[in-house]
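Working notes, beginning with the structure itself.
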Number of protein chains: 2
Amino acid sequence: MAATIRDVARQAGVGLGTVSRVLNNSPLVSPVTRKRVLDAITELRYSPSQIARSFASGKTLTVSAIAPFFTRPSVVERLRGIESQLTASGYSLVVFNVETVARRDACLQDISRHDRCDGVLIISLTPREDELLALHEAGVPVVLIDTSAAGMHGVRIDDVSGGELAVRHLIDLGHRRIGFVGDSIEQARAFNFTSSRDRHSGYRQMLAAAGIALRPAYQRHGVHDRYDARILAHELLQLADPPTAIFAASDTQAMGVLEAARDLGRRVPADLSIIGFDDIDVAEYLGLTTVHQPLFMSGQRGAELLLRIIGGEAQESPSDVLPIELVVRGTTAPPSA
Amino acid sequence: MAATIRDVARQAGVGLGTVSRVLNNSPLVSPVTRKRVLDAITELRYSPSQIARSFASGKTLTVSAIAPFFTRPSVVERLRGIESQLTASGYSLVVFNVETVARRDACLQDISRHDRCDGVLIISLTPREDELLALHEAGVPVVLIDTSAAGMHGVRIDDVSGGELAVRHLIDLGHRRIGFVGDSIEQARAFNFTSSRDRHSGYRQMLAAAGIALRPAYQRHGVHDRYDARILAHELLQLADPPTAIFAASDTQAMGVLEAARDLGRRVPADLSIIGFDDIDVAEYLGLTTVHQPLFMSGQRGAELLLRIIGGEAQESPSDVLPIELVVRGTTAPPSA
DNA sequence: CTGTTAGCGCATTCAC
DNA sequence: GTGAATGCGCTAACAG
């Protein structure tokens, strides 16, 4: 059916190795021979088999990315960064979408079987001790995006500082009653997510630094989506002494808070200030004040780093920390009371 | 380094083929032998090389998806459907993101070189005549999603009907001055997108059927994003005799129209009705009236169909047409004037 | 039921 | 510079 390297060799009247050399741009071929081979290739419409090539060389020119809930805007944006970098380097991207804990574990196990891909990018999922060990033992190049782990390369932001940044903004505006809406503790633990937890730490630290007492009732946790966030915000707003501002651990959750405010007739930001996190695409549309993080860049940098590791370049910095930035839009203002 | 099938055979004291049979769940192995092999596998921590396996069998257990602008919510949702179906069948998904015409052409050419993957899913991009020929000649199984082409399998909706559905809703409400905001003609042609074009046809046909004259000034085209749509809607609304309703060819573009209305102080739906298309996630959040299409299902069905074709099951129906549905929310109402 | 054999298409040694 | 020879790890077809 399809022409093989042998056909090309025969057609060009050269040896098999010579064709291979031409394919791999080896300089050890005379211009005349090269042309003859090239002509044979065009004539036969020959195209080298990638699988055979991978098999013989041991390199697949493929990278896997494991992402939880890859429909989340923040994740998609990271993936776009990854894909762009990979494509530029001639690599392909295999995507694994993780929506259950079982699949999380399965994916993390599977990649210890170093096949099919030259390296792995793990987004937002932090490997556990045993998984770390297996990964190390397997020797698969791995780069973590949006997390970090001992002895692993990674690209991330400082979520604690991010939480502090958000809450400091609210405090600076004069707020003292500040609520928090973040990820469900159980779910975060099951998937081993860390960002909401760390942003929550930043929240607590900043309140403490400002001498504001922590109120358990002000801190709510639910599934990472609009619906749960909306419910939690309802609870918060119907407290006898409701917060005047709410820090949501993500823009998606901030959208739920926004809905709750609308439901209850609270004006934003007059009656309630809301700040999110991530600065996803719709944040600008909604005029949402948030903490910006370079999502696309995180993917790009992560892929770049992984490619360097695959290429054998030893990397010093275990974890690359990207800058974050407060973006003030229309959902935060001084408290009216 | 890593154990091979040969090591396992030696360890278990059996032949090479027997190990292979066990790996492939062949029933032609006695329980005793099977157990011995399985034990050897665990002992050696053996894991078969996928690349070698692909090479020998000719099957890669991998499917490629080519998607334009894969950060668009509608595309992501389709990809999620694809991934879910593929994963359930033990296949991996390689993603190609197309954001330029050059890359569109390159991707479509590349897949004619039937390597690395067992089949291809093409989202929203319609192959041209010559590309169709090359694809056919290469014999790569292909399924089109959100488009169709002669002799190609596909999963799609009827965009013309969708456009009619949207416009009929506006007419039923009493609107006569109905604007249209859709994709740039040049861009659509360059990428060979068809959905906006077809929805526009539906718009024209429905107006004609209702005896409403087409007004060129009411029909605007721009890049498929919020920003351009916003500008176009501005133009529309500042006409001497502005439309009382606007049909946007996608929810994303409807968001831009919504912004324009906000900019100009037009109340929605009192002063201006807006209807979108796709029913992406935020549509519900925004209370946007729109035409719902089963995005996730399109991916799922497409992948399922492709897998069947790869499996050698001849398929009759060239194109699977999914149902669409009008979803009335808060952005449409009878005209006030 | 099981062991043996022959490639899959290419990269990578080697000799020449 | 070039051609020929080996083997990557596995599946499939064949004898037993």
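Nothing in this text is a laboratory measurement; each read-out follows from the coordinates by a stated rule. The shown structure was predicted, so the numbers you read here are calculated from the model rather than taken from an experiment. Because the Cβ atoms are built from the backbone with ideal geometry, glycine has one as well, and the counts that use them run over all protein chains shown.
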(request) Label region A:52-97 by shape, choosing from rounded, prolate and oblate, from the square roots a ≥ b ≥ c of the eigenvalues of the Cα gyration tensor; if a/c is under 1.5 it is rounded, and otherwise prolate applies when a/b is larger than b/c, oblate when it is not. (result) oblate
(request) Treat every Asp and Glu Cβ in chain A as -1 and every Lys and Arg Cβ as +1, leave all other atoms uncharged, and give the resulting dipole magnitude about the Cα centre to the nearest 20 debye. (result) 820
(message) As an exercise, use a Förster radius of 45 Å and the Cβ-Cβ distance of A:ARG329 and B:ALA52 to find the FRET efficiency, rounded to the nearest 0.05.
(response) 0.25
(request) For an R0 of 41 angstrom, estimate the FRET efficiency from the Cβ-Cβ distance between B:ARG262 and A:LEU214 and round to the nearest 0.05. (result) 0.60
(request) Take the Cα of B:LEU239, step 7 Å along the line toward its Cβ, and report every residue of region B:178-201 whose backbone nitrogen sits under 11 Å from that point. (result) B:178-181
(message) Could you work out how much longer the chain between A:LYS35 and A:LYS59 gets when fully extended? Use 0.36 nm per residue separation minus the Cα distance between them, nm to one decimal.
(response) 5.9 nm
(message) Cross-link candidates for A:LYS59: which aspartates and glutamates have Cα within less than 13 Å, leaving aside residues fewer than 8 places away along the same chain?
(response) A:ASP115, A:ASP118
(message) Just to be sure I understand the curve: with the Debye formula and one point per C-alpha of region A:5-48, what is log10 I(q)/I(0) at q = 0.21, 0.22, 0.29 Å⁻¹?
(response) -0.53, -0.59, -1.05
(message) Given the options A:THR126, A:GLY151, A:THR100, identify the residue whose Cα lies farthest towards the positive end of the charge dipole of region A:96-167 (+1 on Cβ of Lys, Arg; -1 on Cβ of Asp, Glu).
(response) A:THR100
(request) Using only the Cα atoms of chain A, each taken as one equal point scatterer with no solvent, compute I(q) by the Debye sum, divide by I(0), and report log10 of the ratio at q = 0.12 Å⁻¹. (result) -0.84
(message) How far, in nm to one decimal, is A:ALA270 from itself in the other copies if the label point is set 7 angstrom along Cα toward Cβ? Shortest first, please.
(response) 1.6
(request) Enter the mean number of other protein chain beta carbons within 10 Å of the beta carbon of each residue in A:37-50, as an integer. (result) 2
(request) Using a 10 angstrom cutoff on alpha carbons, build the Gaussian network for chain A and name the most mobile of A:ILE275, A:ILE185, A:ILE122. (result) A:ILE185
(request) Estimate the FRET efficiency between A:ARG176 and A:ARG308 by the formula 1/(1 + (r/R0)^6), using the beta-carbon distance for r and 41 Å for R0, to the nearest 0.05. (result) 0.30
(request) Calculate the spin-label point distance for B:LEU28 paired with A:ALA150, positioning each point 7 Å from the Cα along the beta-carbon direction, and give it in nanometres. (result) 5.1
(message) Starting from a Cα-only point model with no solvent, please compute log10 I(q)/I(0) by Debye for the protein assembly as shown at q = 0.07, 0.08 1/Å.
(response) -0.55, -0.71
(request) Could you work out the relative contact order of region A:159-293, using alpha carbon pairs under 8 angstrom and six or more residues apart, expressed as a whole percent? (result) 26
